[in-house]
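Please treat every number below as a calculation from the coordinates, not as lab data. On a predicted model such as this, the values are computed, not experimentally measured, just so you know. Because the Cβ atoms are built from the backbone with ideal geometry, glycine has one as well, and the counts that use them run over all protein chains shown.
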Amino acid sequence: MLGNYFYHQIIRKTIVSFGTVFNQIHIHHYDDAGNKTSDMRVPLAYGPRQKFLARLEQQPELNKPIQITLPRMSFEMNSLQYDATRKTGVTQTFKAVSGTNLKKVFMPVPYNIGIELNILTKLNDDALQIVEQILPFFQPAFTITVDLVESIGEKRDIPIVLDSIKFQDDYEGDFSTRRALIYTLQFTAKTYLFGPIADTTDGLIRKVQVDQFSSTNRTNARREMRYTVTPKALQDYDADNTTFITDPISDFTDTIPVNDSSLLQIGNRIVIGSETMLITNIAGNNIVVQRGYEGTTAATHVDNSFINVLTAADNLLIEPDDDFGFNENFTYFSDSRTYSPTRGIDI
C-alpha cells in the first residue's frame, strides 16, 4: 500500500488558508488634531520570528533602505499531531463523484496543525490595533472552508482555535538599538488528511433488483415476485427533436397538432419547453396529452416548438446530481429458481 504516490496538498492548503485570514489587516495613524495621516496594510509573510528579528539586528540604522519595516506579521507551522478525539473507522470508506466517475475514498484522518502567528511592531498602539482586529473573531475558534481534495470536490470546514497569547518587548542596549514589540498567538487548525483515491469498481448504480420469496425458509421457499427499479429521466438530455407543433397552444389545450405523429406512441412522455406531457391518444397528426405531467407546470407554447420524447437514451444520460424519477417493474414467477448476482442469470 505504501509507495503508491498521491499528494493532495492538504497541509499546504490549510496553511495558506490560515494566512489569508490575516492578510487584510490595516493600521491607522492620526495627528494631534485627530486627522488620519496614514492607512497601512500590515505585511504578512511565512517564516519564523527569528528570521525577521535577525533582519532588524543586521541593519539597526533606521535610514538604510534594505531594512525591513515595522509593523509586520509572520506565521509558520510548528507542530503536527494526530487528533484522537475526532477519530473515525480506519477502514470506513465513502464514495464521491468526480464528473461521471465514482471514486472510493477512505475516511480522512484528523490531524491538528499548530500554527504560530507573530506580530512585530515598533509602537505599542500599532500592536494593539492589530490584536484588537483579530481577537474578537476567535471565541475561541474561527472556521474557514478549505477545498481539501479538489478532484472529488471535498470541501470541509476547518476550525482554527486560538490557544494562547504571549507578549514580549525586545528592547535592549542603547537608543540606536531598534525596539520590537512582539505578540505571539498560538493557533490549532483542525484539518483532515486524505489517503489515495481510487476509481471504485462498483460504478454508478443504475439498477436495483429484489426477488421476493413466499417464505422465510430460504432452503425450500419459492420466489414469487421480482421488483426492479431503474432511473427515469425527468428532462430531455439528447434533444432528439422528434417533431414540432404546427399551431400555438394555450396552457389548458390537451389536443396538440404536430407536424408528424408517426414517431410518437401512446404512453410516450414528451417535453415541450420545460413542460412534460403524457400522450394518451393519437388521431392522425393530432395528439391528446395530459398536461403538466410529473410535477411540471402547464404553459403556453408557440408554433414550431420542438417535441422531444423521453426515452431510454435519456435515462442513460442522467447525472448523479440531477433530479430523476424511477421506472418500476414487477415480474411474477412460479418456478423455484434463484438469481445468481455473480453470473447475472437465474439458476
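At 1.567 mPa s and 4 °C, plugging the Kirkwood radius over alpha-carbon pairs of segment 262-313 into Stokes-Einstein gives what diffusion coefficient in µm²/s? The partial results should precede the final answer.
Numbers: Rh = 11.4 Å.
Answer from the Stokes-Einstein relation: 114 µm²/s.
Using just the C-alpha positions of segment 208-346 as equal point scatterers, what log10 of I(q)/I(0) does the Debye formula give at each q in 0.14, 0.17, 0.22 1/Å?
The calculated log intensity ratios at q = 0.14, 0.17, 0.22 Å⁻¹ are -0.72, -0.89, -1.26.
Sort 267-274, 328-335 for me by packing, meaning the mean count of neighbouring Cβ atoms within 10 Å per residue, highest on top. Walk me through the intermediate numbers first.
Details: 267-274: 17.5, 328-335: 10.1.
Going from most to least packed, we get 267-274, 328-335.
Principal axes first, then extents: for the Cα atoms of segment 291-347, list largest minus smallest coordinate on each axis, whole Å, largest first.
Here the Cα extents, ordered largest to smallest, are 56, 25, 20 Å.
Pop out the ³J(HN,Hα) list for segment 326-334 in order, Karplus 6.51 cos²θ - 1.76 cosθ + 1.60 with θ = phi - 60°, rounded to Hz; leave Gly and Pro as x.
Once θ is set to phi - 60°, the couplings for segment 326-334 become 9, 8, 10, 9, 10, 10, 10, 10, 10 Hz.
Taking K and R as +1 and D and E as -1, what net charge do the other residues with C-beta under 14 Å from the C-beta of Asp157 add up to?
Working: positive: Lys13, Arg86, Lys155, Arg156, Lys190; negative: Asp147, Glu154.
Within the 14 Å Cβ shell, the charges total +3.
In whole Å, largest first, what are the principal axis extents of the Cα atoms in segment 100-167?
Principal extents (Cα only, largest first): 57, 20, 20 Å.
Could you give me the ³J(HN,Hα) list for segment 34-40, computed from phi with Karplus coefficients 6.51, -1.76, 1.60 and θ = phi - 60°, whole Hz, x at Gly and Pro?
x, 8, 6, 9, 7, 10, 10
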